[in-house]
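Down below is the structure, laid out as structure tokens.
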Amino acid sequence: MRHAALSPCLVPHPVPRPAPPRGRGYTLVECAIVCAVAGIFASVALPSYRQHLLRIGRLDAVQALTRVQAAQEQRRAALGLYAADLASLHGIAATSAQGHYRITLAANGPDGYRASAWAVGPQAQDGRCATITLQVALGFTQVGPSPACWGR
């Protein structure tokens, strides 16, 4: 007996199963990659941000020392001498306006003085410019410890 060839329509074909539905959201690997990239960005940006904050804090000292200098010049014009302490200067406080620095003043002979701004609090981490100075002698001004601390 001869078997008749089955027509292609009658040959059973495997029924394709639909793919299992993929869950919405992110896989653990994707989350780990995102965290790693964010960590790299943070490790690069954070030190730069801290240096920026310290540079901005220095402006507080520069502003305070500039006020001391202006008050000293007004006093010298009125009385002929520079003040030997901050209490002798009208309107000058012992701390900077934002409180990042403590201000001191010392006479440097009859024709000069030295004003210093000492960093306090988080600003004290500024290693290069923890103390910013303004020295006036015989009408000449010197800033310290470097012009970079004064933003120059």
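With charges set only on the Cβ (+1 for Lys and Arg, -1 for Asp and Glu), what does the dipole of the chain come to about its Cα centre, in debye to the nearest 20?
Computed charge dipole of the chain: roughly 720 debye.
Among 106, 32, 94, which residue has its Cα furthest toward the positive end of the charge dipole of the chain, with +1 on Lys/Arg Cβ and -1 on Asp/Glu Cβ?
Checked the options; the winner is 32.
Can you give me the distance in nm between label points at residue 28 and residue 46, each placed 7 Å from the Cα along the Cα-to-Cβ direction?
According to this spin-label approximation, the distance is 2.6 nm.
Residue 56 accessible area, nearest 10 Å², 1.4 Å probe?
Using a 1.4 Å probe on the heavy atoms, I get roughly 80 Å².
Out of residues 5 or more away from residue 95 or on other chains, whose amide H comes under 5 Å of its own, with H placed 1.01 Å from N in the peptide plane?
103
Between residue 146 and residue 97, take the C-beta separation as r, use R0 = 25 Å, and let me know the FRET efficiency to the nearest 0.05.
Efficiency, rounded to the nearest 0.05: 0.65.
Tell me the angle of helix 28-79 to the major Cα principal axis of the chain, expressed in degrees between 0 and 90 and rounded to the nearest ten.
10 degrees
Just going by the charge dipole of the chain, with Lys and Arg at +1 and Asp and Glu at -1 on Cβ, which of 134, 19, 83 is farthest out on the positive end?
19
The values are calculated or read from the model by the stated rules, or taken from the named source; none is laboratory data. Values in this document were obtained by computation on a predicted structure and should not be read as measured data. Here the Cβ is made from the backbone with ideal geometry for all residues, glycine too, and neighbour counts use every protein chain on show. The area values use the complete protein model at the heavy-atom level, side chains included, leaving out ligands, DNA and RNA. Shrake-Rupley method; radii C 1.70, N 1.55, O 1.52, S 1.80 Å.
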